Amino acid sequence: MNKRIVITGGAGFIGSHLCEYFLAKSYDVFCVDNLITGSLDNISHLFGSKEFVFMNHDIANYIHIPGTVDYVLNFASPASPIDYLEHPIQTLKVGALGTHKTIGLAKDKGARYFLASTSEVYGDPLVNPQPETYWGNVNSVGPRSVYDEAKRFAEAMTMGYHRYHKVDVRIVRIFNTYGPRMRLNDGRVVPNFVMQALRNEPLTVYGDGSQTRSFCYVSDLVEGIYRLLMSDYAGPVNLGNPEEWKIIDFAKHIISLSGSKSTITYRPLPQDDPKQRRPDITLAKTLLGWQPQVKLDEGLKATLDFFMKKK
Ligand code: UDP
């Protein structure tokens, strides 16, 4: 009997890579997605597999999965600032109600529960790099709060079910991740800069570009997720690439790597845009023996190839 895994947000960027990964490991995969930001294009190549089932469903509502379930991975949520500003209520509902429904499913089936949380729980951090022990600096009424607070609530609910109902849980805090299958227009910095560079249009740097981010290639993240899922550690674990880039330097790097004729143009910095972000991955290293393997240029080249076909 194959292990059976439910992956919510399975038609999204990270979710679709997870569906592929677990199918390759001979799991039966139930992919659940309501397609508000996910896309069938990300999973259409999996439909031929009899181990793959797709359910078009909003996990804020009761989820019925027939038979046994070994693992529930909750990756459903709009995840780019543009997306969660466009879908604020769905973002709040999927983070809160969707976590309630999916962890209820795990409890009912006796399955292990895995929550996709985020570096956004650290808000605009006053500590750099951010270790898991940092409690964060979140504006609870700012425009990003629909995502940040929903994910903080999701972590609280996950730990509540773990402590009270003894549900077996894992929590990952995902830092900026990039790679093929990001949506062209999701507004995040990698798709924006890559598409602008490929079209020889100006790269839109927000603010003066001195804010920092660190970029993890999706295959590294997926490997870390698998190791964390198989570990016996219930508390949150950061996964991300600790190489920190100023956004302005990142823009220049993409222009040079792609051989583009683009220039740089400056736009206003969005409200509450974190000034610095870099994961402290000491815990992932010691607990999981994990650290990113894919060099930035290698990952960016694969991403450029993907977006080239969309140009
Ligand atoms: N950013 C930018 N130009 C863009 C898109 C994003 O300068 O066209 C900046 C954004 O202000 C932020 C960083 O790049 O400082 C990363 O933004 P992203 O939307 O990818 O996600 P975030 O890390 O803020 O969640």
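The values are calculated or read from the model by the stated rules, or taken from the named source; none is laboratory data. Quantities reported herein were computed from a predicted structural model and do not represent experimental measurements. Reconstructed Cβ throughout: ideal geometry from the backbone, glycine too, with neighbour counts over all protein chains shown.
Within segment 278-305, the residues that satisfy the criterion of being in contact (Cβ under 8 Å) with a residue 24 or more places away in the chain, surrounded by fewer than 13 Cβ atoms within 10 Å (Cβ to Cβ) and touching a strand residue (DSSP E or B) at 6+ places or on another chain (Cβ under 9 Å) are Q293, E298.
Taking the conditions exactly as written (under 16 Å from the mean Cα position of the chain (by Cα), more than 24 Å from Y226 (Cβ to Cβ) and modelled with pLDDT of 95 or more), does G123 satisfy them or not? Yes; evaluated as a whole, the condition is true for this residue. Just checking, does segment 19-26 include any residue being more than 19 Å from the chain's Cα centre (by Cα), farther than 21 Å from Y178 by Cα and at pLDDT below 95? No, every residue in segment 19-26 fails to be more than 19 Å from the chain's Cα centre (by Cα), farther than 21 Å from Y178 by Cα and at pLDDT below 95.
Listed by first and then second residue, the pairs linking a residue in segment 157-183 that is under 26 Å from I103 (Cβ atoms) and in contact (Cβ under 8 Å) with a residue 24 or more places away in the chain to a residue that is in a helix (DSSP H, G or I) and of a type in the set (D, E), with Cβ atoms under 7 Å apart and 6 or more places separating them unless they lie on different chains, are I171/E155. Of all the criteria given as (1) under 26 Å from W245 (Cα atoms); (2) crowded, with 20+ Cβ neighbours inside 10 Å; (3) of a type outside the set (V, I, T), the one not satisfied by A154 is (1).
Filtered by the rule that a residue be in contact with a helix residue (DSSP H, G or I) (Cβ under 8 Å, 6 or more places away or on another chain) and part of a loop (DSSP other than H, G, I, E, B), segment 26-47 gives I36, T37, G38, I43.
You will find that of D208, D148, the residue that is among the charged types (D, E, K, R) and outside any helix (DSSP H, G or I) is D208 and no other. The criterion of at least 2 residues that are within 13 Å of F215 (Cα to Cα) is met, among helices (runs of 4 or more DSSP H) falling completely within segment 229-311, by 247-258, 296-308. Scanning segment 118-139 for residues that are closer than 19 Å to L97 by Cβ and outside any helix (DSSP H, G or I) yields a count of 1. In segment 89-113, what residues are farther than 25 Å from D168 by Cβ and either outside any helix (DSSP H, G or I) or within 15 Å of the ligand (Cβ to nearest atom) (or both)? Of everything in segment 89-113, just one residue is farther than 25 Å from D168 by Cβ and either outside any helix (DSSP H, G or I) or within 15 Å of the ligand (Cβ to nearest atom) (or both), namely T91. Within segment 180-211, being farther than 22 Å from L18 by Cβ, modelled with pLDDT of 95 or more, surrounded by fewer than 21 Cβ atoms within 10 Å (Cβ to Cβ) and more than 8 Å from the ligand (Cβ to nearest atom) holds for M195, L198, R199, N200, E201, P202, D208, S210. Within segment 114-140, residues that are under 17 Å from L283 (Cα atoms) and more than 14 Å from the ligand (Cβ to nearest atom) have Cβ atoms under 8 Å from residues that are part of a loop (DSSP other than H, G, I, E, B) and at pLDDT below 95 in these pairs: E132/G235, counting only partners at least 6 apart in sequence or on another chain.
The residues of segment 236-253 that are hydrophobic (A, V, I, L, M, F, W, C) and either within 11 Å of the ligand (Cβ to nearest atom) or at pLDDT below 95 (or both), listed by number, are W245, I247, I248, F250, A251.
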